[in-house]
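I have placed the structure first, in the form of structure tokens, so that the comments after it can refer back to it.
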Ligand SMILES: Cc1ncc(COP(=O)(O)O)c(C=O)c1O
């Protein structure tokens, strides 16, 4: 029996439902919810960064100012003042009419998939890439192909080799230039310039996902790809990492030619994103709140990253390697030759620490030695203990896993 067949019921699953799989990450998170586990597995922002008092005040204000408007159905494009704030905060010239407020940037990925992917369409992603994007794209039945990527970003020669022509030409490249989920890496200025130039030359649209770009530690990342060629890119942004993910608010900046179809897909999906939440965010953001708030998140996450780097350097056995992300929430590590992160995970959980095996993030040709370590939710003390437990697990299983 195929996993999605339901015995003795009148239901027949759509093919796209058969292609939906439980998120590996969610399954892993269930294990890590055991009390006492130090989790480097979650992708959750630190709740200590949520501006609770500001939201409390904004709730009262929004309900005082226009309670009925705030609680009524609203425009599918989004709340006008919020679209204006979004356009104004981006580092290139954006017309608010190009901004579509979405129910998280995850919905942005779903809408992009709906309007750009037919069954069998080729689409290109980085190696590795965001698992949630693969989940959003897969039900539309694309042929997903990974483009080779290194610490500086997408390999331009491999991209050019894989774009294809005619009916088999890739519909887009999905790319995360800043503090990528899962690797934490950032695309260099040179690689961004080369990528945008090559994509324009090949007529390849780019889907740029940037939920972490504001969370830099020492240097702000280079300009987004979309700023360099706004007509060739769809840009996805999010309020989840700079305010709170429970708001479920993000946005798309789309070229004028693409906006109407995205809007129609949005109407079909949920009519509009929660109007009350949109007004809350507009109220909180007015007067430049993010300019004061985001640096506090950066400072906190940088301290956490430093604690993890220090603990890794101190505890990890030879043969384990990791990168030094300049921002965001994740660090990417690699086990010694011959080890496998999926096999290691249950042993790590036994010792009280969890991570996400990197294999979950590859569209193809997974590297079984990789793992994603989130440094933002545990305390500095927990980071130290968690890394020590992980290092001990690796030592015990080195050579034998
Ligand atoms: C790369 C990336 N894109 C999109 C999302 C979805 O974010 P949200 O829907 O909360 O805006 C996430 C969430 O972790 C992410 O890491």
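A few comments on the model shown:
- Restricting attention to region 306-319, the residues that are out of contact with any helix residue (DSSP H, G or I) (no Cβ under 9 Å at 6 or more places or on another chain) and buried (at least 17 other Cβ atoms within 10 Å of the Cβ) add up to 1.
- Residue within region 45-53 that is under 30 Å from residue 172 (Cβ atoms) and either touching a helix residue (DSSP H, G or I) at 6+ places or on another chain (Cβ under 7 Å) or in a loop (DSSP other than H, G, I, E, B) (or both) present: yes
- Complete set of residues in region 242-262 that are assigned to a helix (DSSP H, G or I) and over 21 Å from residue 93 (Cα atoms): 245, 246, 247, 261
Residue-wise test of (1) more than 16 Å from the ligand (Cβ to nearest atom); (2) outside the structural domain of residue 111 (by TED's automatic domain parsing); (3) in contact (Cβ under 8 Å) with a residue 12 or more places away in the chain.
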{"site": "239", "(1), (2), (3)": "no, no, yes"}
{"site": "256", "(1), (2), (3)": "yes, no, yes"}
{"site": "277", "(1), (2), (3)": "no, no, yes"}
{"site": "282", "(1), (2), (3)": "yes, no, yes"}
{"site": "295", "(1), (2), (3)": "yes, yes, no"}
{"site": "300", "(1), (2), (3)": "yes, yes, yes"}
{"site": "313", "(1), (2), (3)": "yes, yes, no"}
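- Looking only at residues in region 368-383 that are free of Cβ contacts under 8 Å to residues at least 40 places away in the same chain and outside any helix (DSSP H, G or I), the one that is farthest from residue 182 (Cα to Cα) is 379.
- Test result for residue 186, touching a helix residue (DSSP H, G or I) at 6+ places or on another chain (Cβ under 8 Å), under 30 Å from residue 355 (Cα atoms) and surrounded by 24 or more Cβ atoms within 10 Å (Cβ to Cβ): no
- Of the set (1) in a helix (DSSP H, G or I); (2) over 17 Å from residue 36 (Cα atoms), all apply to residue 399 but (1).
Condition check ((1) within 16 Å of the ligand (Cβ to nearest atom); (2) over 12 Å from residue 191 (Cα atoms); (3) without any contact (Cβ under 8 Å) to a residue 24 or more places away in the chain) across all residues:
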position: 147; (1), (2), (3): no, yes, no
position: 154; (1), (2), (3): yes, no, no
position: 170; (1), (2), (3): no, yes, no
position: 176; (1), (2), (3): yes, yes, no
position: 179; (1), (2), (3): yes, yes, no
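Residue-by-condition table, conditions (1) surrounded by fewer than 21 Cβ atoms within 10 Å (Cβ to Cβ); (2) modelled with pLDDT under 95; (3) farther than 30 Å from residue 173 by Cβ:
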position: 364; (1), (2), (3): yes, yes, no
position: 376; (1), (2), (3): no, no, no
position: 381; (1), (2), (3): yes, no, yes
position: 385; (1), (2), (3): yes, no, yes
position: 390; (1), (2), (3): no, no, yes
position: 395; (1), (2), (3): yes, no, yes
position: 400; (1), (2), (3): yes, yes, yes
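- Unique residue being at pLDDT below 95, in contact with a helix residue (DSSP H, G or I) (Cβ under 7 Å, 6 or more places away or on another chain) and within 16 Å of the ligand (Cβ to nearest atom) when the list is 131, 111: 131
- Search result, residues across region 134-145 that are in contact (Cβ under 8 Å) with a residue 60 or more places away in the chain and either in a helix (DSSP H, G or I) or more than 16 Å from the ligand (Cβ to nearest atom) (or both): 134, 135, 138, 139, 140, 141, 145
- Residue 159 closer than 20 Å to residue 361 by Cα, away from the ligand (no atom under 15 Å from the Cβ) and part of a helix (DSSP H, G or I): yes
The values are calculated or read from the model by the stated rules, or taken from the named source; none is laboratory data. Just so it is clear, the model here is predicted, and its values are computed rather than measured. Every residue, glycine as well, gets a Cβ built from its backbone with ideal geometry; the counts of neighbours run over all protein chains shown.
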